[in-house]
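Visitor: Dropping the structure in here first, questions after.
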Amino acid sequence: KNQVEQSPQSLIILEGKNCTLQCNYTVSPFSNLRWYKQDTGRGPVSLTIMTFSENTKSNGRYTATLDADTKQSSLHITASQLSDSASYICVVSAPHYNQGGKLIFGQGTELSVKP
Amino acid sequence: NAGVTQTPKFQVLKTGQSMTLQCAQDMNHNSMYWYRQDPGMGLRLIYYSASEGTTDKGEVPNGYNVSRLNKREFSLRLESAAPSQTSVYFCASSEVPRDSYGYTFGSGTRLTVV
């Protein structure tokens with residue numbers, strides 16, 4: 001069973017519009033939650049990282065929220081640009097004492113921004 | 001440019017052939033990782049090296065071997081490639097094991113086994 005589920009699987013929006021991507025997780029306990037952006041043919045790049053005590057974190061036009069009680073996170077993109085077209089991956093870090101932590105990746109949301 | 005460099009970027013193998021994927025980082029990171037990414041699935045950890053001289057299995061190690069050649073380099077070897085190993089492979093590094101704040105990924109190697 002996938003412990004990190006993202007929705008929607010894919011999304012198409014017009015340039016300039018806002019959008020929100022969702023991430024639900026069942027990992028418990030967890031250390032932190034991250035959002036990555038992965039451009040086509042490239043490796044993931046970190047956008048935000050939040051610990052369980054943080055509710056929101058911004059990085060330019062990207063704002064991530066976290067509700068540790070309901071185990072939900074969202075990534076809100078404001079005033080989308082063509083360069084925002086990418087896959088957005090939610091990653092939960094779980095404490096794993098023998099290995100110093102374990103990362104669990106969601107399957108990603110494919111965002112396409114059209115002119 | 002500082003970062004993680006993977007070679008090759010693309011590779012096609014026949015079933016049963018062997019090959020080594022190379023990874024090098026120039027950030028003086030202690031820990032390095034190999035992941036595979038398949039359609040509709042999240043990245044899965046194959047092997048990792050918490051520090052120079054150590055390697056450990058991840059979630060999906062079967063069919064792979066690794067070598068931490070030195071602090072900079074971490075290679076992934078497929079001894080007898082199978083079609084199930086068709087995937088995109090990513091190398092990553094971090095300053096400390098499973099660093100919560102600093103993972104850097106390479107650009108990936110797209111491998112097709114026919």
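Visitor: Looking at (1) at pLDDT below 90; (2) closer than 24 Å to B:GLN37 by Cβ, which one does A:THR109 not meet, given that it meets all the others?
Guide: (1)
Visitor: Where in segment B:43-105 are the strands (runs of 3 or more DSSP E), entirely inside, with at least 2 residues that are among the charged types (D, E, K, R)? Let's see the steps before the verdict.
Guide: On the way: elements: B:44-49, B:64-68, B:74-78, B:87-94.
Those strands (runs of 3 or more DSSP E) do not exist here; none qualify.
Visitor: Scan segment A:58-82 for residues that are touching a residue at least 12 places away in the same chain (Cβ under 8 Å), among the small types (Gly, Ala, Ser) and over 16 Å from A:SER7 (Cα atoms) and report the count.
Guide: 3
Visitor: Within segment A:80-99, work out how many residues are at pLDDT below 90, among the hydroxyl-bearing types (Ser, Thr, Tyr) and either within 19 Å of the chain's Cα centre (by Cα) or surrounded by 13 or more Cβ atoms within 10 Å (Cβ to Cβ) (or both).
Guide: So the count comes out to 1.
Visitor: What strands (runs of 3 or more DSSP E) lie completely within segment A:51-115 and have 2 or more residues being within 22 Å of A:PRO8 (Cβ to Cβ) and aliphatic (A, V, I, L, M)?
Guide: Details: elements: A:56-59, A:62-67, A:72-77, A:86-94, A:102-105, A:109-114.
Strands (runs of 3 or more DSSP E) meeting the threshold: A:62-67, A:72-77, A:86-94, A:109-114.
Visitor: State whether the residues of segment B:43-53 include one that is over 10 Å from the mean Cα position of the chain (by Cα), within 24 Å of A:THR51 (Cα to Cα), touching a residue at least 40 places away in the same chain (Cβ under 8 Å) and crowded, with 20+ Cβ neighbours inside 10 Å.
Guide: Yes, because at least one residue in segment B:43-53 is over 10 Å from the mean Cα position of the chain (by Cα), within 24 Å of A:THR51 (Cα to Cα), touching a residue at least 40 places away in the same chain (Cβ under 8 Å) and crowded, with 20+ Cβ neighbours inside 10 Å.
Visitor: Here's something else I'd like to know. Applying the selection to segment A:20-79, what residues are within 21 Å of A:LYS102 (Cα to Cα), within 13 Å of chain B (Cβ to nearest Cβ) and acidic (Asp, Glu)?
Guide: A:GLU54 - this is the single residue of segment A:20-79 that is within 21 Å of A:LYS102 (Cα to Cα), within 13 Å of chain B (Cβ to nearest Cβ) and acidic (Asp, Glu).
Visitor: With respect to A:GLY106, determine if the residue is free of Cβ contacts under 8 Å to residues at least 12 places away in the same chain, within 30 Å of B:THR54 (Cα to Cα), of a type outside the set (A, V, I, L, M, F, W, C) and crowded, with 17+ Cβ neighbours inside 10 Å.
Guide: no
Visitor: When you scan segment B:25-42, how many residues do you find that are among the aliphatic types (A, V, I, L, M) and either touching a residue at least 12 places away in the same chain (Cβ under 8 Å) or within 19 Å of B:THR104 (Cα to Cα) (or both)?
Guide: Final tally of qualifying residues: 2.
Visitor: Could you please let me know if A:SER10 is under 24 Å from B:PHE90 (Cα atoms), within 14 Å of chain B (Cβ to nearest Cβ) and in contact with a strand residue (DSSP E or B) (Cβ under 6 Å, 6 or more places away or on another chain)?
Guide: So A:SER10 fits the description; yes.
The values are calculated or read from the model by the stated rules, or taken from the named source; none is laboratory data. Just so you know, these numbers come straight off a predicted model, no measurement behind them. Please note: Cβ atoms are built from the backbone with ideal geometry, for glycine as well, and neighbour counts cover all protein chains shown.
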